[in-house]
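The values are calculated or read from the model by the stated rules, or taken from the named source; none is laboratory data. Computed from a predicted model, the values in this text were never measured in an experiment. Note: ideal-geometry Cβ built from the backbone for every residue, glycine included; neighbour counts use all protein chains shown. Calculation scope for accessible area: heavy atoms of the full protein, side chains included, ligands and nucleic acids excluded. Shrake-Rupley method; radii C 1.70, N 1.55, O 1.52, S 1.80 Å.
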Amino acid sequence: MTDTTIDTALLAHLQTWQGRTETLSDSIAAVPVQALSATLDRDDPAPASGTPLPPLWHWMYFLPHARASEIGPDGHPKRGGFLPPVPLPRRMWAGGRLAWEPTNPLCVGQQVQRRSTIRSVKHKAGRTGELLFVLVEHQYHNERGLALTEEHDIVYRSAARPGDPAPPPQTPPLAGQQAWSRAIVPDDVLLFRYSALTFNGHRIHYDRKYVTEVEGYPGLIVHGPLIATLLLDLLRREMPGAQVAAFDFRAVRPTFDLHPFSVHGKPSADGRTVELWAQDHEGFLTMQGMATLA
């Protein structure tokens with residue numbers, strides 16, 4: 001896919017997707033929970049019916065099942081349908097905000113309905129070309145009602161060009177103040193298993209020739225949702241039994257498989273919130289988040 005200039009007329013067309021909705025149903029099966037537990041190197045018991053899903057593990061459900069003939073050159077389903085057909089080639093998960101209903105968790109064995117709404121489509125010219133931001137809201141309902149509300153930020157970017165400036169590096173605001181840390185080795189197996197669990201065919205996560213020669217990145221990109229999951233997994237390891245009521249996160253800088261990276265956390269003095277962040281091998285901030293505890 002080549003870039004197309006997003007002029008006023010095209011932006012107006014893409015913004016006609018605002019307000020569109022989609023409703024899907026899925027069953028919270030146990031097998032993906034066991035598989036992600038193994039992928040994250042956890043020693044969890046086999047999940048029985050009624051076991052609450054750990055925070056962010058719902059991303060293994062409601063997966064797109066596009067036929068092979070409907071897949072685009074980047075490994076994603078072709079543009080159009082529920083999401084607007086944005087004519088920019090690079091698509092990334094930029095961040096999100098989630099709020100769980102503390103008395104109504106999503107649990108293994110439940111039938112769940114997800115209602116998705118496109119809340120906004122916004123255009124911006126960045127240092128490396130055009131950007132288009134799509135905000136999608138998901139509401140998850142089980143038999144007891146609303147269980148989770150999620151806002152998902154998607155950013156579409158222009159193709160890489162020689163000489164494009166890299167994102168300016170940032171030092172984590174709480175660098176050196178972490179209470180917890182864990183080193184992560186983003187090897188090919190970890191990236192493959194997470195792609196498989198989320199049925200994510202995006203080639204930037206497993207096709208080194210594509211990601212370096214077509215999209216212009218130096219290596220395979222670690223999934224943003226995987227890093228976010230590892231942040232909350234760190235909280236679960238350090239505060240067993242803590243219940244997450246809300247989580248806000250944003251991706252700051254791509255993480256590549258070329259080096260280990262690390263995840264860190266620091267609870268607030270009153271114990272109601274936990275600052276979480278990821279940083280690369282150079283110590284630069286790659287993802288920042290805050291968890292609010294119930």
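Quick check: is even one residue across the stretch 229-252 charged (D, E, K, R), buried (at least 18 other Cβ atoms within 10 Å of the Cβ), at pLDDT 95 or above and part of a strand (DSSP E or B)? Looking for residues that are charged (D, E, K, R), buried (at least 18 other Cβ atoms within 10 Å of the Cβ), at pLDDT 95 or above and part of a strand (DSSP E or B), one finds none in the stretch 229-252, hence no.
Take Leu197 and decide whether it is modelled with pLDDT of 95 or more and touching a helix residue (DSSP H, G or I) at 6+ places or on another chain (Cβ under 7 Å).
On the way: modelled with pLDDT of 95 or more: yes; touching a helix residue (DSSP H, G or I) at 6+ places or on another chain (Cβ under 7 Å): yes.
So Leu197 passes the test.
For the stretch 28-58, the tally of residues that are exposed (fewer than 13 other Cβ atoms within 10 Å of the Cβ) and of a type in the set (Phe, Trp, Tyr) stands at 0.
Go through Leu174, Leu135 for me and flag whichever is open to solvent by less than 50 Å² (accessible area, probe 1.4 Å), out of contact with any Gly (no Cβ under 8 Å at 6 or more places or on another chain) and over 20 Å from His76 (Cα atoms). Give the derivation first.
On the way: Leu135 fails: over 20 Å from His76 (Cα atoms).
That would be Leu174, the only listed residue that is open to solvent by less than 50 Å² (accessible area, probe 1.4 Å), out of contact with any Gly (no Cβ under 8 Å at 6 or more places or on another chain) and over 20 Å from His76 (Cα atoms).
Pairing each residue of the stretch 176-193 that is in contact (Cβ under 8 Å) with a residue 40 or more places away in the chain with any residue that is open to solvent by 70 Å² or more (accessible area, probe 1.4 Å), provided the two are 6+ apart or on different chains, yields C-beta distances under 7 Å for Trp180/Glu238; Ala183/Pro260; Ile184/Pro260; Val185/Pro260; Leu191/Tyr206.
Residue count for the stretch 257-271 satisfying the condition of being touching a strand residue (DSSP E or B) at 6+ places or on another chain (Cβ under 6 Å) and open to solvent by 30 Å² or more (accessible area, probe 1.4 Å): 3.
Scanning the stretch 181-224 for residues that are within 18 Å of Asp280 (Cβ to Cβ), in contact with a Lys or Arg (Cβ under 8 Å, 6 or more places away or on another chain) and not in a loop (DSSP other than H, G, I, E, B) yields Arg182, Val211.
Checking Tyr61 against (1) open to solvent by 30 Å² or more (accessible area, probe 1.4 Å); (2) free of Cβ contacts under 8 Å to residues at least 60 places away in the same chain; (3) among the hydroxyl-bearing types (Ser, Thr, Tyr), only one condition comes out false. Which one? Result: Tyr61 fails condition (1) only. Taking the stretch 84-171 and the strands (runs of 3 or more DSSP E) fully enclosed by it, the elements with 2 or more residues that are touching a helix residue (DSSP H, G or I) at 6+ places or on another chain (Cβ under 6 Å) are at 111-126.
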